[in-house]
Amino acid sequence: MTCVNVFATGTRHVPRRHRRLAIRPRKEPAVFSPPSLRQWVPVLAAAGALVLSAAPGAAAAGGPHLLYAGAVPGARIEVNGPVAFDIVGMPAGTDEVTVTSPALVEPVPLTPLRKGSVEFVQTDAPGTRHRIRGDIAPGTYPATATSHGRTVATARIPVVAEGSAMIGRFVIGDAKRPLPAEGDRSAVRPGSDVIVVLTDGQPAAGETSLTVKSPLFDGPLTLRKGEDDPGCKCDDGSTLYGGHTTVRDDIPAGRYPMTAVSHHGQETTTRQVTVAGPPVPHSRLPWLIGGGAAVALMVLASVAVRRGRRKRRAAA
């Protein structure tokens, strides 16, 4: 038996056509009844096949594999939130599978995708409550799939706190250039003026600013809600936070953590940032202007002294 976490926590990719659904503020229903859970079956199966084919010894191990996801593929599973199960590789002739877990409100029955299928999917009939319990703490919980009392597959489900952050884009880039996409390994130069942008699909209520800390900066950076990013249309319903700062000009080349503290200090999100290239030269024009002004003042003072002396001599 092998357990596979297809949609583990971390950077998530949600197809563009599903983004609005994935991050739309959730109204907690008494019953989780999606229009058709079967629409996610091809996605679950394809993702499972990719993971299984890449896992060492997966082909030899064989056997059923229990998969799971949040409200839609790619969404994390939250306390008091919906969950969807799928199991692939069941022996031919199996007629029923049931998933149980101490994290679930009630057992979840799975039925064949079609007659004779080796894949079983979750069906949510009216009145069922196939979701995570609301009285448990965040953590990792076991899930067991059984058929007629026999265990056929197991998995461990990471459950996060209700209303947890859904960080999409958290990037840093040169203020004079387009910002990189999430996951791009672009570098910043010491002394460069930069923009930092973060998007959250599920921001905390009343949170108008976030704090970012990193050895890259002289001090904490404040990201403010709605700060403009010309390269981000933010048409997926997420909330945008942004801020401007300068990379330390004395920082050596290398990789450094950049951590955002959100949800009123309850959550942190970290990205690694590469520093490379020579320091950005800073213009000396302001110093020249300041020096020129000082010289001009000295000249004027000298002229005034001379005029004063001439007037005193003439009066004498």
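Given Gly265, Gly242, which one is at pLDDT below 95, touching a Leu at 6+ places or on another chain (Cβ under 7 Å) and not polar (S, T, N, Q)?
Working: Gly265 fails: touching a Leu at 6+ places or on another chain (Cβ under 7 Å).
Going through Gly265, Gly242 in turn, the sole match is Gly242.
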- Note on the structure: Scanning segment 176-199 residue by residue, those closer than 16 Å to Gly243 by Cβ and at pLDDT 90 or above turn out to be Val188, Ser192, Asp193, Val194, Ile195, Val196, Val197, Leu198, Thr199
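The values are calculated or read from the model by the stated rules, or taken from the named source; none is laboratory data. Predicted model, so just to flag it, every value in this text is computed and none were measured. Glycine gets a Cβ as well: all are built from the backbone with ideal geometry, and neighbour counts include every protein chain shown.
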